[in-house]
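Presented below is the structure to which this report refers.
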Amino acid sequence: MKKYQLGEFEEVVLLTVGVLYNEAYGVAIKKEIESRLKRSVSVGALQSALRRMEDKGYLNAREGESNDIRGD
């Protein structure tokens, strides 16, 4: 695997995914970052960061069923 540098936001997202583990879906990641860092996160920025990290090989995305917690 090539070495890729991560930006600050990508590092925060990656650490948050690690903390949330199986509960690491978009809305939960966004809420956790905003709660811990007292910083607003746009859905677009989060999705872009997740896609970049998947392209770099840091994450694997998967689709899950909707439920009351995750939404539709």
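What follows draws every value from the coordinates through simple rules; no lab data is involved. Please read all numbers here as calculations on a predicted model, not as lab measurements. Every residue, glycine as well, gets a Cβ built from its backbone with ideal geometry; the counts of neighbours run over all protein chains shown.
Data table
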{"read-out": "Estimated FRET transfer efficiency (ALA28, ARG51; beta-carbon r; R0 22 Å; 0.05)", "value": "0.80"}
{"read-out": "Under the Debye formula (equal points on every Cα, no solvent term), log10 I(q)/I(0) of segment 8-56 at q = 0.24, 0.27, 0.29, 0.31 Å⁻¹", "value": "-0.85, -1.09, -1.26, -1.41"}
{"read-out": "Protection proxy ranking of 11-24, 50-63 - average other beta-carbon atoms within 10 Å, highest first", "value": "11-24, 50-63"}
{"read-out": "Cut-off 15 Å between beta-carbons: net charge of the residues surrounding VAL13, Lys and Arg +1, Asp and Glu -1", "value": "-1"}
